[in-house]
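Chemist: Questions regarding the structure given below will be posed in turn.
The values are calculated or read from the model by the stated rules, or taken from the named source; none is laboratory data. If you're wondering where the values come from, they're calculated on a predicted model, not measured in any experiment. Cβ: placed from backbone, ideal geometry, glycine included. Neighbour counts: every protein chain shown. These area figures cover heavy atoms from the full protein model, side chains too; ligands, DNA and RNA do not enter into them. Shrake-Rupley method; radii C 1.70, N 1.55, O 1.52, S 1.80 Å.
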Amino acid sequence: MAEPFVETRIPQQKLYESKPFPAVISPSLPAPSLPLFTQTITTHKPYLDSLLHRSGAVLFRGFPVNSATDFNDVVEAFGFDELPYVGGAAPRTSVVGRVFTANESPPDQKIPFHRGMAQVPEFPSKLFFYCEVEPNSGGETPIVLSHVVYERMKEKHPEFVQRLEEHGLVYVRVLGEDDDPSSPIGRGWKSTFLTHDKNVAEERAAKLGMKLEWTEEGGAKTIMGPIPAIKFDKSRNRKVWFNSMVAAYTGWEDKRNEPRKAVTFGDGEPLPEDIVHDCLRILEEECVAVPWQSGDVLLIDNWAVLHSRRPFVPPRRVLASLCK
């Protein structure tokens with residue numbers, strides 16, 4: 001094992017095919033300075049890449065990552081290309097460099113399991129999360145292996161999964177003009193498409209393969225799909241649950257949106273409620289929820305893992321960065 005990293009165990013980890021999920025990396029004693037940590041990331045990138053590929057998620061704990069700027073340095077050290085946040089639903093604020101806030105929806109709301117930007121064709125392949133301020137209680141970011149979800153769903157609901165594979169999903173969302181911080185999907189069309197110009201918004205939506213219809217109130221209705229709900233992960237040679245079906249069906253709710261209309265089969269047929277809720281149960285059963293500690297950095301392979309957020313008692317500040 002390459003110094004100055006050691007793989008450690010924490011109580012919340014699960015074993016899948018005798019591999020710990022997530023992998024946890026801590027410093028050998030004494031803890032390195034931030035410049036040494038970032039330098040070591042760059043030097044040992046092949047090892048970290050293979051660990052991420054094997055485990056699906058890597059938690060870096062105990063390193064001196066004390067601010068958003070430090071976190072940005074860590075993200076930069078990995079050398080992944082940045083993915084601009086275009087087309088996503090969550091209200092976010094840019095913080096520094098490639099770093100922005102994680103979903104800013106109210107603390108008493110949970111954010112259901114989803115795949116980072118699975119509802120648009122250009123999605124991140126990797127996500128970084130960083131805990132700047134640990135929660136008083138709650139506020140975990142549960143993660144779950146998507147091939148495990150696919151296998152369990154296929155075993156229990158083979159006809160449903162076959163329909164998903166054949167037809168894909170359509171996601172429908174009504175956006176206000178400006179951001180609505182009271183909603184977990186409250187991003188207005190201006191910040192969703194990074195413009196104040198309706199023509200530019202239409203062009204950017206079209207590039208994403210998204211239909212855009214303007215509402216009388218100055219908002220916009222976006223229709224995305226049909227797009228695949230199950231994908232084949234070539235690098236691991238397996239099918240994965242690659243959708244935000246449960247998140248949309250159970251969580252895309254605010255004064256503009258009704259969750260059951262937010263996602264349908266690709267042919268427009270409604271989804272069976274009992275099966276969606278069964279999928280939610282499977283996600284909860286298989287997930288790992290590690291309580292955040294200040295300084296934690298969590299790297300997720302978006303092909304391998306879905307994530308969510310539990311309600312929390314403030315304060316809590318978790319930052320994020322998306323990579324191609």
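Chemist: Return the only residue of 113, 128 being under 22 Å from residue 78 (Cβ atoms), in contact (Cβ under 8 Å) with a residue 40 or more places away in the chain, among the hydrophobic types (A, V, I, L, M, F, W, C) and not assigned by the TED database to the domain that holds residue 233.
Modeler: None of the other options fit; the residue is 128.
Chemist: For the range 226-253, which residues satisfy the criterion of being open to solvent by 30 Å² or more (accessible area, probe 1.4 Å) and charged (D, E, K, R)?
Modeler: 231, 234, 236, 238, 239, 253
Chemist: Mind checking which pairs have a first residue in the range 270-285 that is more than 16 Å from residue 251 (Cβ to Cβ) and a second that is among the hydroxyl-bearing types (Ser, Thr, Tyr), Cβ under 7 Å, 6 or more apart or different chains?
Modeler: The qualifying pairs are 270/264.
Chemist: Turning to a different aspect of this structure: Would it be correct to say that residue 295 is out of contact with any Ser or Thr (no Cβ under 8 Å at 6 or more places or on another chain) and either buried (at least 23 other Cβ atoms within 10 Å of the Cβ) or at pLDDT below 95 (or both)?
Modeler: Against the criterion (out of contact with any Ser or Thr (no Cβ under 8 Å at 6 or more places or on another chain) and either buried (at least 23 other Cβ atoms within 10 Å of the Cβ) or at pLDDT below 95 (or both)), residue 295 does not qualify.
Chemist: Additional query: Any residue in the range 272-288 that is surrounded by 16 or more Cβ atoms within 10 Å (Cβ to Cβ), assigned to a strand (DSSP E or B) and within 21 Å of the chain's Cα centre (by Cα)?
Modeler: Yes: the range 272-288 contains one or more residues that are surrounded by 16 or more Cβ atoms within 10 Å (Cβ to Cβ), assigned to a strand (DSSP E or B) and within 21 Å of the chain's Cα centre (by Cα).
Chemist: Which residues, counting only those in the range 234-247, are among the aliphatic types (A, V, I, L, M) and at pLDDT 95 or above?
Modeler: Within the range 234-247, 240, 245, 246 qualify.
Chemist: Are there any pairs, at least 6 apart or on different chains, whose C-beta atoms fall under 9 Å, with the first in the range 8-35 and open to solvent by 60 Å² or more (accessible area, probe 1.4 Å) and the second of a type in the set (S, T, N, Q), and if so, which?
Modeler: Matching pairs, first to second residue: 19/55.
Chemist: Quick one: count up the residues across the range 102-157 that are under 21 Å from residue 12 (Cα atoms), among the small types (Gly, Ala, Ser) and surrounded by fewer than 21 Cβ atoms within 10 Å (Cβ to Cβ).
Modeler: Total satisfying the criteria: 2.
Chemist: Taking only the range 195-211 into account, find how many residues are loosely packed, with under 15 Cβ neighbours inside 10 Å and of a type in the set (S, T, N, Q).
Modeler: Adding up the residues that qualify gives 1.
Chemist: Another question about this same structure. Scan the range 294-324 for residues that are outside any loop (DSSP other than H, G, I, E, B) and acidic (Asp, Glu) and jot them down.
Modeler: 301
Chemist: Of the conditions (1) modelled with pLDDT under 95; (2) over 23 Å from residue 278 (Cβ atoms); (3) open to solvent by 10 Å² or more (accessible area, probe 1.4 Å), residue 192 fails just one. Which one is it?
Modeler: The failed condition is (3).
Chemist: Take the range 155-176 and flag every residue that is of a type in the set (D, E, K, R) and out of contact with any strand residue (DSSP E or B) (no Cβ under 8 Å at 6 or more places or on another chain).
Modeler: Once the filter is applied, which keeps residues that are of a type in the set (D, E, K, R) and out of contact with any strand residue (DSSP E or B) (no Cβ under 8 Å at 6 or more places or on another chain), the range 155-176 yields 155, 156, 159, 166.
Chemist: Kindly indicate whether residue 316 is open to solvent by less than 30 Å² (accessible area, probe 1.4 Å), basic (Lys, Arg) and outside the structural domain of residue 229 (by the TED database).
Modeler: Values: open to solvent by less than 30 Å² (accessible area, probe 1.4 Å): no; basic (Lys, Arg): yes; outside the structural domain of residue 229 (by the TED database): yes.
No: the conditions fail for residue 316.
Chemist: Select, from 93, 38, 69, the only residue that is surrounded by 20 or more Cβ atoms within 10 Å (Cβ to Cβ) and among the hydroxyl-bearing types (Ser, Thr, Tyr).
Modeler: Checking each option against the conditions leaves just 38.
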